[in-house]
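Okay, structure first, notes after.
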Amino acid sequence: MTANTFDTTLFRGKVALVTGAAGGIGAAIAGAFADLGAHVIVQDIDAGRLSRRASELSRDDHKITAIGGDLSIPGTADTVFDRALATHDRVDFLVNNAGRSWGVATDQITAERTDELMELNFNSVLWLSKRFIAHARTHGEGGSIIQVSSTAGITGFQRRAVYCATKFGVIGLTKVLALDHARDNIRVNAILPHVVETDMFRTVATPQDAATWRAAIPMGRFAQVEDVANLAIFLCSPAASYLTGGLYPVDGGAMAGSFGGE
């Protein structure tokens, strides 16, 4: 779908770094960049799966570069960015997609699990963004950052206090970085997926849960990973050159307001 919508030479000569790309949304975004001519560097904690996915996504004219690493461990973000620069000597697009969620009752929140989620969902986004901005300002050609937040970054979800806090934080970070670096020609935007039909979702959602959530979406279906990838591509493209600091839900209208069904 991406190749049918955009010029296949759109990102020729450009380099994209996509985190959390062994599957799901991250893999779809990485594949979309590759389809449009970009050199792509992918990162994930699951190095074996990432390597296999990188091989699947590689194109005739270049290969996808895989970098393993656990972004919930302090310092990993710097290591990943150093390795990315060692591979191509430049990064034009950064997609901070890596993250995870878990539900927990308030009285069951622990410092250990909270620190892990904060490090992965927020701190790694901050440190990678900081490195990218310093690099983009040095080479003087600007660039684009896509933060994959969530609709949980603009509204609450039951038993997701820590997760929502991290995603709200990413949105605040997005807005400030956009303000601070607009005149460096660095654009920073956030994509807010709602329910996306991934392997992970199909594993954790019961048929009853899925039916309930689907009924609350005005368009009547869950997002596909390509829906998120196409938006990421657009926001990195010249067509979005005047867009920065924006929040873009991928939600089938779920955040538009109360929906009573048919």
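Compute log10 of I(q)/I(0) for the stretch 67-109 with the Debye formula, placing one identical point scatterer on every Cα and leaving out solvent, at q = 0.13, 0.20, 0.28 Å⁻¹, to two decimals.
-0.43, -0.74, -1.09
How charged is the neighbourhood of G153? Take every other residue with its Cβ under 13 Å from the Cβ of G153, and add Lys/Arg as +1 and Asp/Glu as -1.
+2
Compute from the Cα atoms of the stretch 65-155 the Rg and the Dmax, the latter being the longest Cα-Cα distance, and quote both in angstrom.
Answer for the stretch 65-155, Rg first and Dmax second: 14.9, 49 Å.
Can you give the net charge of the other residues whose Cβ lies under 15 Å from the Cβ of I109, counting K and R as +1 and D and E as -1?
Taking every Cβ under 15 Å from that of I109, the sum is -1.
Assuming R0 = 22 Å, what is the FRET efficiency of A182 and H139, from their Cβ-Cβ distance, to the nearest 0.05?
For A182 and H139, the calculated efficiency is 0.80.
Semi-axes of the equivalent ellipsoid for the chain, please: Cα gyration tensor eigenvalues, times 5, square-rooted, ordered largest first, whole Å.
They are 28, 21, 19 Å, listed from largest to smallest.
Contour minus end-to-end for K130 and R59, with contour as 0.36 nm per residue of separation and end-to-end as the Cα-Cα distance?
22.6 nm
What's the FRET efficiency of T87 with Q108 using the Cβ-Cβ distance as r and R₀ = 41 Å, to the nearest 0.05?
Numbers: r = 42 Å, r/R0 = 1.01.
Efficiency, from the Cβ-Cβ distance: 0.50.
Quick query: amide H of G245 versus all other amide H atoms, modeled in the peptide plane; which residues come in under 5 Å with a sequence gap of 5 or more or a different chain?
Under 5 Å from the amide H of G245: V188, N189.
Relative contact order of the stretch 96-230, please, whole-number percent, based on alpha carbon pairs below 8 angstrom and at least 6 residues apart. Each step should come with its number before you reach the end.
On the way: 150 pairs, mean separation 33.7, N = 135.
Normalised by residue count, the contact order of the stretch 96-230 is 25 percent.
Please list, ordered by chain and number, the residues whose modelled amide H lies under 5 Å from the amide H of G143; skip anything fewer than 5 residues away on the same chain.
I186, R187
Name the residues whose placed amide hydrogens come within less than 5 Å of the amide hydrogen of I67, ignoring near sequence neighbours (fewer than 5 apart) on the same chain.
V42, Q43, D44
Are there chymotrypsin sites (Phe, Trp or Tyr not before Pro) in the stretch 213-246 that DSSP puts in a loop and that have at most 14 other Cβ atoms within 10 Å, and which ones?
Answer by residue number: Y242.
Filter the GluC sites (Glu not before Pro) in the stretch 127-236 to those in DSSP coil with at most 13 other Cβ atoms within 10 Å of their Cβ, and list the result.
Here the GluC sites (Glu not before Pro) that fit, given the DSSP loop and packing criteria, are E141.
Once you've got the GNM for the chain with C-alpha springs shorter than 10 Å, pick whichever of T65, T166, T110 has the biggest mean-square fluctuation.
T110
Which semi-axes, in whole Å and largest first, does the equivalent ellipsoid of the stretch 213-262 have when worked out from the alpha carbon gyration tensor as the square roots of 5 times its eigenvalues? Let's see the in-between values first.
Working: eigenvalues 135, 32, 8 Å².
Equivalent ellipsoid of the stretch 213-262: 26, 13, 6 Å, largest first.
If you take the alpha carbon radius of gyration of the stretch 137-196 and divide it by 2.2 N^0.38 Å, what ratio comes out, to two decimals? Display every interim value, and only then the final one.
Values: Rg = 13.5 Å, N = 60, 2.2 N^0.38 = 10.4 Å.
It is 1.30.
What percent does the relative contact order of the chain come to when contacts are Cα pairs within less than 8 Å and at least six residues apart?
RCO, the chain: 18 percent.
Give a quick list of trypsin sites (Lys or Arg not before Pro) in the stretch 96-137 that DSSP marks as loop, anything other than H, G, I, E or B, with at most 16 other Cβ atoms within 10 Å.
Filter output for the stretch 96-137: R100.
Spin-label point model (7 Å from Cα, Cβ direction): what's the D70 to N4 distance in nm?
4.2 nm
How about K63: which lysines have a C-alpha closer than 27 Å to its C-alpha, ignoring those fewer than 8 places off in the same chain?
Partners found: K14, K130.
Defining a contact as two alpha carbons under 8 Å apart and six or more residues distant in sequence, what relative contact order in percent does the stretch 1-105 show?
Working: 191 pairs, mean separation 31.1, N = 105.
Value for the stretch 1-105: 30 percent.
Just the projected area, averaged over all directions, of the convex hull on the alpha carbon atoms of the stretch 172-262: how many nm²? Before the final figure, lay out the partial values.
Values: hull surface 28.9 nm².
Result: 7.2 nm².
Tell me, what HN-Hα J-couplings in whole Hz come from the Karplus equation 6.51 cos²θ - 1.76 cosθ + 1.60 at θ = phi - 60° for each residue of the stretch 149-166, using x for Gly and Pro?
Calculated HN-Hα couplings, in order: 8, 5, 4, 6, x, 10, 8, x, 10, 4, 6, 10, 4, 6, 4, 4, 4, 5 Hz.
Nearest 0.05, what FRET efficiency do A239 and F201 give at R0 = 41 Å with Cβ-Cβ as r?
0.85
Compute the signed sum of charges (Lys and Arg +1, Asp and Glu -1) over the other residues within less than 13 Å, Cβ to Cβ, of Y163.
My count for the surroundings of Y163 gives +4.
Bear in mind that the values in this text are calculations on the coordinates, not laboratory data. Small disclaimer: the values here were computed from a predicted structure and weren't measured. Virtual Cβ from ideal backbone geometry, glycine too; neighbours counted across all protein chains shown.
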